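Contents: one structure, followed by commentary.
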Amino acid sequence: MSDPRVITVRPETGSYAWTFGGAAPVARIAPGTVLDLYTEDCFAGRVRSDKDLVSQVCEFPFLNPQTGPFHIEGAEPGDTVAVHFVSIEPARDWAASTTVPLFGALTSTHATATLQPPLPEVVWMWELDRARRTCAFTTRREGLRLELPMEPMHGTVGVAPANLEVRSALVPDAHGGNMDTPEMRAGTTCYLGVNVEGALLSLGDGHARQGEGETCGVAVECAMNTVVVVELLKGVATPWPRLESDTHIISTGSARPLEDAFRIAQLDLVQWLVRDYGLEELDAYQFLTQAVESPLANVCDTNYTAVAKIRKEWLPPGIPHRDLHRRLRATAAELAGVVG
C-alpha cells in the first residue's frame, strides 16, 4: 500500500457525540480512509476508583461518548458502510465496571418494576496487563484476585438512524448503536445500512472484555486506541447490522422482547443466505436451523441484542458483500507498522 490516507482523531473533552443522528460531523472522509481513533470509556473517564459512583460522578444522559460522526463522501440511503477493525487496544492500564441502580439483567428495572429495592451501587476497578493480554480484579470480601484473558471490542458502532430520528448512544437498533456484541473485535468487518446522506458514522464504548449478554449491564469499560478502515458499498442494502470475520458471517437484531431480537437476527441471516449464497428461502431456513450459533450480545440495554452466526466452512459457494471483508483484511495486513 502506498501512502494510505490516515486521519487521526483524538477528541477534546466536550467534543464527543452522545447520539446517533443530530450531531454535526467532525470530518468528511472518502471511502478507503483509515481512521486512527481514540475513544473514551462509557463513563467519559470519570470512574477512576472504587469510590467514584456513577450516580455521583456522571451526568445522565451524558453516558457512552462516541468519537465522530464522520461524513462518508458518496454514502446515500440504500448503500452500506463497511467498518473494518484493524486493531483495538486499551489506551490505559485500568478499566472500570459497576452495578448501576435499576439497570442490568438480574435486578429490578424501570421496565421490569417490582417492590424489590435496586441492587447497591458498586465499582470494581480492573487492572489491564497489555503485555500479558489479561485483565484482573480483586474480590471485595475475600481479596481474591481473578484474572481473565483480554479480548478488546467495541460495544457501540453505528450510523445516523432513518426517518430524521436521533437516538441515544445507549440504544441499539437497525442503525447499529450500543449492540454490545463481543463479535465486534479486531479482524471483523461491520456492515451498516446508510440512512442519511454521508451515513454519519460514530463509534465508542470500548470493552477490554465482556461476557455474552453483558449480564450486569456494564463490561470491563476502558478507553481505546482503535484503527479502522472505512469503505462504501454502493447500491447494497443492509437492513440490520451485519458482521463478517474470517470464520463466520453474523447478523444482529435489536428489540424488546428478547425473542423479537432473536427473530430479527435469524431472519436477517436467512435473507443474507438467499442474497449472497443463492439459497431458496425455505432451504436457507432449514440450513440455518441446523447450523446457526445464537449467542446473546446484551440483555440489559434499552433494546436487547441477539446474534445469529454461521461458519463459513459450512456454506455453499458465495460472495458476501462483494468480497469486501477479504479485501479489507488484505488492506489491514498492509497497514502493519504504518498506523496503530
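The values are calculated or read from the model by the stated rules, or taken from the named source; none is laboratory data. Only a predicted model underlies this, so the values are computations on that prediction, with no experimental measurement involved. Positions of Cβ are generated from backbone atoms using ideal geometry, with glycine treated the same way; all protein chains shown enter the neighbour counts. Surface areas here come from the heavy atoms of the whole protein model, side chains and all, with no ligands, DNA or RNA. Shrake-Rupley method; radii C 1.70, N 1.55, O 1.52, S 1.80 Å.
Listed conditions (1) touching a residue at least 12 places away in the same chain (Cβ under 8 Å); (2) exposed (fewer than 15 other Cβ atoms within 10 Å of the Cβ); (3) within 22 Å of Val166 (Cβ to Cβ) are all met by Asn64, apart from (2). Residue pairs whose Cβ atoms lie under 7 Å apart, separated by 6 or more positions or on different chains, with the first residue in the range 164-190 and at negative phi and the second at pLDDT below 95 and among the polar types (S, T, N, Q), are Leu170/Thr302; Val171/Thr302.
Every test in (1) over 30 Å from Ala219 (Cβ atoms); (2) free of Cβ contacts under 8 Å to residues at least 60 places away in the same chain; (3) surrounded by fewer than 16 Cβ atoms within 10 Å (Cβ to Cβ); (4) not hydrophobic (A, V, I, L, M, F, W, C) is passed by Arg326 save one, and that test is (1).
Contact annotation: residue pairs with Cβ atoms under 7 Å, 6 or more positions apart or on different chains, pairing a residue in the range 283-311 that is without any contact (Cβ under 8 Å) to a residue 24 or more places away in the chain with a partner that is β-branched (Val, Ile, Thr) and open to solvent by less than 60 Å² (accessible area, probe 1.4 Å), are Ala284/Val270; Ala284/Val274; Tyr285/Val270; Leu288/Val270; Leu288/Ile310; Ala291/Ile310. With respect to the conditions (1) of a type outside the set (Phe, Trp, Tyr); (2) part of a loop (DSSP other than H, G, I, E, B); (3) surrounded by 14 or more Cβ atoms within 10 Å (Cβ to Cβ), Pro120 lacks only one, and its number is (3).
Applying the condition of being open to solvent by 10 Å² or more (accessible area, probe 1.4 Å) and assigned to a strand (DSSP E or B) to the range 78-92 and asking which residue is farthest from Pro31 (Cα to Cα) yields Glu89.
Yes/no matrix, rows are residues, columns are (1) within 27 Å of Gly74 (Cα to Cα); (2) of a type in the set (A, V, I, L, M, F, W, C); (3) at pLDDT 95 or above:
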site: Leu243; (1), (2), (3): yes, yes, yes
site: Ile249; (1), (2), (3): yes, yes, yes
site: Gly253; (1), (2), (3): yes, no, yes
site: Arg263; (1), (2), (3): no, no, yes
site: Gln271; (1), (2), (3): yes, no, yes
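Scanning the range 129-167 for residues that are part of a strand (DSSP E or B) and farther than 23 Å from Asn225 by Cα yields a count of 4.
One residue stands out in the range 93-105 among those that are assigned to a loop (DSSP other than H, G, I, E, B) and closer than 22 Å to Cys135 by Cβ: the one that is most open to solvent (accessible area, probe 1.4 Å), namely Asp93. Total residues in the range 10-37 satisfying the condition of being buried (at least 16 other Cβ atoms within 10 Å of the Cβ) and either assigned to a strand (DSSP E or B) or aliphatic (A, V, I, L, M) (or both): the figure is 10. The set of residues from the range 24-68 being among the charged types (D, E, K, R), closer than 30 Å to Leu335 by Cβ and over 20 Å from the mean Cα position of the chain (by Cα) comprises just one member, Arg28. I want to confirm something. Restricting to the range 57-115 and keeping residues that are acidic (Asp, Glu) and at pLDDT 95 or above, which single residue is farthest from Val194 (Cα to Cα)? Per the stated criteria, the residue is Asp93. Within the range 135-159, the set of residues being out of contact with any Asp or Glu (no Cβ under 9 Å at 6 or more places or on another chain) and surrounded by 15 or more Cβ atoms within 10 Å (Cβ to Cβ) comprises Glu151, Val159.
Against the conditions (1) open to solvent by 20 Å² or more (accessible area, probe 1.4 Å); (2) β-branched (Val, Ile, Thr); (3) under 17 Å from the mean Cα position of the chain (by Cα), Thr114 satisfies every one except (3).
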